[in-house]
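K.L.:
Provided herewith is a single structure, encoded as C-alpha cells, for subsequent inquiry.
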Ligand SMILES: Nc1nc2c(ncn2[C@@H]2O[C@H](COP(=O)(O)OP(=O)(O)O)[C@@H](O)[C@H]2O)c(=O)[nH]1
Ligand SMILES: [Mg+2]
Ligand SMILES: [Zn+2]
C-alpha cells in the first residue's frame, strides 16, 4: 500500500481517544476546560458542555486530533467504566492531592484498566490541586513510586494556576504516538492500517499541501 | 414538582408503536406497522419473490450506474486498483490480533474479491415482468438514496469505482439474510474498512474528505440493507427491546431528585428542552441510516446540555450529563431501544463511533441503558426495602414520605390492602391478555396454514371447469347443454351507415 513508509512517514494525522477517570470533585472537568479553553471556574462561559472536548496539536510535524472524554465520577456509575474506556488510547487518572481517598480510587482504576486493556493503553496518573500544597495528604514519593510500579507516568497539576497541564497532555500524546508507531511496525512492511483504525487510531496519509492548510497549534515550545 | 414532571412529556401512545397484529411487540413503518415476526409471517409466502426482487434490483442498479456514468466517461481506461491488494495484509494482521475473528476475515476477503469481480447477474425474464405488490413496497427512500449517492459521487474521481464496489457489496448482502448478526456486521465493517483504506491510499483523500465519502457510502448501503439488518431474526434483539421497555415502565416512579438530575423543570426553557430531548431520542427509531440515528442522539444530548446550562449556569460535565440522559431515557421509553443500539453498533462507520463527538453521546446512551438495567436501591440512595416497595407498586414516592411506617392509621392499611388487591388483579388481567394474544396468533397461524394447504391442493389439482357429461338432468340453467346452439342464426351485427 502507499503507506509503505510505515512509521517514518511524516504526513499523517493521528486520532486519539483519551478518557478522564477519577472520583468526583478531584478536578477532571477543570483540567480539560483549562487545557482546551484556558478557563477556570469561569461563569461567563460560552462553552455549552465540558464533557467531550477536542484539541488539535502539531507534534514534531505530525498532526494529532485529541478527543477527551469526561466520565461521570459518581460511585454509582463506577460499573459503567468499561463502556467509556473501550477503544481508548490513553487514560488520565486524576486524584486530588489533598484527598487520600481519591488516590485509592485511582489505584482501583489502574488495576481495572490493566486487567481489561493490558498495556495497549497509556496511563497518566495526575495529582491535581497542587496550589493547595499545605493541605497535601498524598505524598509525592508514594504517588510517583506507585505510578512507576504500574508502568504509568505521574504528573502534578493545578487547574487553578494552569500548572503542569500542557506538559501532561503533550507527553501523553507523544507516548500514544509511540505506541501507535510501534503497532504499525509490528504490522510489518506494507501492512494495512485497518486493525489499528478499528481500535480508534487512524493513521492517514495526507497530501503535502493539506498539512499547511490546517494550522493547528504547536505547543512543543 | 414530581407530579408536574410526570404529567408533562410527550404523549406518544405506546399502542401506536405496537405491532398492528396486536402481538405485543413493536411494529415498524418499514414493516407496515407489523413487528418483525408478523412481518415475516406475512411475507413468508412471498419469500422466493424476494430473491427475484433482489435480482431485479441488481439489474436496475446496473442500469442506473450505466446511465449515470455513460456520459461522463472519458477516463474510462484509467487503471482500477484491485481490492485483493488491500486485503491480503489486513487479514494476516487480523489473524494475529484476534484468533476468533480471523476465520471471518478470510471469508470476507474471498467474499469481497468475488463480489468485486462478479459480472452483472442475468435476470430471469419473468422476474423483470413481475410487478408484485411487494415490489412496489420497496420504499421510495431507497431510490432517492441511490440517486443522491450517484450525484454525490459524480464529483469524485473514483466515484464510479466506489459506486461499483458498494452496489456489488449491497447486492451480495441481500443474499446473506440468514447470516448471524455479528457476521453481517463483520462483513459490513470490513467493507467500510477496506474502502476507506483505499480512499486514503489510492485516491489520496484527506481524512475529512474520506470521512464524508464514507458517510454517503453508509447512507446508501444501509438504506438498502435496513430491512434485513435491523433487529434480524437471528438475534434476540426484539426480546431485549421488550425487556428494557418493561423495565423502564416498572421504574416510572423514579424522580429527578433520586437521580440527582441537575435540571429544574420549573423553568419553562428547561422543560422545553427536556421535551425536545425526549422527542429526539424517540425519533431515533424512525431513521434507517445508523448515522441518522446517531444524529438524533446528538440532538437529544444538545438539548440536555441546554437544559443543564440554563439551570446551573455552567457548562455541563459528564457528572451532570449522564444522570440527565438516564432521566430522559426513563421518560421517553424509546421504542426498540436495544435494537437501535445494536444496529448502530453493528453497522455505523467505526470512526464516527469510536472517537467522534457523536460516538461520545452514543456511548453515554449505552451507559444509560446499562445503568437502567442494573439499577437498584443503592444507585438511587434508597434502602433495598424502599426500592422493593416502589418496584412492586405498593408505594409511590410522594406517599412514602407522608407515611410513618410505625403507626399506620387503619384507613391507610385498608388502602394498602386495596392496592395489593388491585395489583393482583392487574397481574391476572395481564395473564389473561397474554393468553388471548397467544390464542389470536395461534388462530392466525392456523388460518395461514389452512390457506396454504388449500392453495397447495388447488395448485396440484387444478379445478376442472367442464361439467361431467352425465349430469344433464340436474342442470337447470336455460342454456346448459343446448345442443342446438349451432343451429341458431348469428346475432345481429350493427351496421354503419354513412350519413
Ligand atoms: N484549588 C484548586 N481547586 C480546584 C482545582 N481544580 C479544580 N478545583 C475545584 O475543585 C472542584 C471540583 O472540580 P471539577 O473540575 O468539577 O471536578 P470533577 O468532578 O473531577 O470534574 C471545583 O470547585 C473546582 O473549582 C485546582 O487545581 N486547585
Ligand atoms: Mg466533572
Ligand atoms: Zn406482531
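K.L.:
Name the one entry in B:193, B:245, B:165 that is buried (at least 18 other Cβ atoms within 10 Å of the Cβ) and within 14 Å of chain A (Cβ to nearest Cβ).
P.N.:
On the way: B:245 fails: within 14 Å of chain A (Cβ to nearest Cβ); B:165 fails: within 14 Å of chain A (Cβ to nearest Cβ).
One residue alone meets the criteria, B:193.
K.L.:
All but one of (1) modelled with pLDDT of 90 or more; (2) more than 14 Å from chain B (Cβ to nearest Cβ); (3) away from ligand 2 (no atom under 16 Å from the Cβ); (4) out of contact with any helix residue (DSSP H, G or I) (no Cβ under 7 Å at 6 or more places or on another chain) hold for residue A:176; state the number of the condition that does not hold.
P.N.:
(2)
K.L.:
While we're here: Which members of the range A:76-97 meet the condition of being within 9 Å of another protein chain (Cβ to nearest Cβ) and farther than 16 Å from residue A:176 by Cα?
P.N.:
Those that are within 9 Å of another protein chain (Cβ to nearest Cβ) and farther than 16 Å from residue A:176 by Cα: A:76, A:77, A:79, A:80, A:83, A:84.
K.L.:
Something else: Based on what the data block shows, is residue A:192 in a loop (DSSP other than H, G, I, E, B), modelled with pLDDT under 95, farther than 30 Å from residue A:23 by Cα and within 14 Å of chain B (Cβ to nearest Cβ)?
P.N.:
yes
K.L.:
On the basis of being away from chain A (no Cβ under 11 Å), within 24 Å of the chain's Cα centre (by Cα) and buried (at least 19 other Cβ atoms within 10 Å of the Cβ), does residue B:219 make the cut?
P.N.:
So residue B:219 fits the description; yes.
K.L.:
Sort out which residues of the range A:1-14 are closer than 15 Å to residue B:197 by Cβ and modelled with pLDDT of 90 or more, and write them in order of number.
P.N.:
Hits for the range A:1-14: nothing passes.
K.L.:
Hey, another quick one. Is it true that residue B:263 is crowded, with 22+ Cβ neighbours inside 10 Å, more than 16 Å from ligand 2 (Cβ to nearest atom), within 14 Å of another protein chain (Cβ to nearest Cβ) and not in a helix (DSSP H, G or I)?
P.N.:
The answer is yes for residue B:263.
K.L.:
Next question. Take residue A:164 and tell me if it is within 14 Å of chain B (Cβ to nearest Cβ) and either free of Cβ contacts under 8 Å to residues at least 60 places away in the same chain or away from ligand 3 (no atom under 16 Å from the Cβ) (or both).
P.N.:
For residue A:164, the condition - within 14 Å of chain B (Cβ to nearest Cβ) and either free of Cβ contacts under 8 Å to residues at least 60 places away in the same chain or away from ligand 3 (no atom under 16 Å from the Cβ) (or both) - is not met.
K.L.:
Touching a helix residue (DSSP H, G or I) at 6+ places or on another chain (Cβ under 7 Å), more than 14 Å from chain A (Cβ to nearest Cβ) and in a helix (DSSP H, G or I): which single residue out of B:171, B:148 fits that description?
P.N.:
Of B:171, B:148, the one residue that is touching a helix residue (DSSP H, G or I) at 6+ places or on another chain (Cβ under 7 Å), more than 14 Å from chain A (Cβ to nearest Cβ) and in a helix (DSSP H, G or I) is B:171.
K.L.:
Can residue A:106 be described as within 14 Å of ligand 2 (Cβ to nearest atom) and either farther than 19 Å from residue B:354 by Cα or surrounded by fewer than 20 Cβ atoms within 10 Å (Cβ to Cβ) (or both)?
P.N.:
Here the answer is no, as residue A:106 does not meet what is asked.
Quick grid of which residues meet (1) in a helix (DSSP H, G or I); (2) at the interface with another protein chain (Cβ under 10 Å from one of its Cβ atoms):
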site: B:277; (1), (2): yes, no
site: B:284; (1), (2): yes, no
site: B:314; (1), (2): no, yes
site: B:324; (1), (2): yes, no
site: B:345; (1), (2): yes, no
site: B:360; (1), (2): yes, yes
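K.L.:
Would you mind stating whether residue B:294 is modelled with pLDDT of 95 or more and surrounded by fewer than 19 Cβ atoms within 10 Å (Cβ to Cβ)?
P.N.:
Judged against the criteria, residue B:294 is not a match.
K.L.:
Here is a follow-up. Looking at A:80, A:123 in this structure, which one is without any contact (Cβ under 8 Å) to a residue 40 or more places away in the chain, within 16 Å of ligand 2 (Cβ to nearest atom) and within 28 Å of residue B:356 (Cα to Cα)?
P.N.:
Result of the check over A:80, A:123: A:80.
K.L.:
Which one of these does residue A:135 not meet: (1) out of contact with any strand residue (DSSP E or B) (no Cβ under 8 Å at 6 or more places or on another chain); (2) away from ligand 1 (no atom under 16 Å from the Cβ); (3) at pLDDT 95 or above?
P.N.:
(2)
K.L.:
Only one of (1) under 30 Å from residue B:216 (Cβ atoms); (2) touching a helix residue (DSSP H, G or I) at 6+ places or on another chain (Cβ under 7 Å); (3) more than 10 Å from chain A (Cβ to nearest Cβ); (4) part of a helix (DSSP H, G or I) fails for residue B:292. Which number is that?
P.N.:
Every condition holds for residue B:292 apart from (2).
The values are calculated or read from the model by the stated rules, or taken from the named source; none is laboratory data. From a predicted model like this one, the values you see are computed outputs, not experimental measurements. A quick note on method: Cβ atoms are made from the backbone with ideal geometry, for glycine too, and the neighbour counts reach across all protein chains shown.
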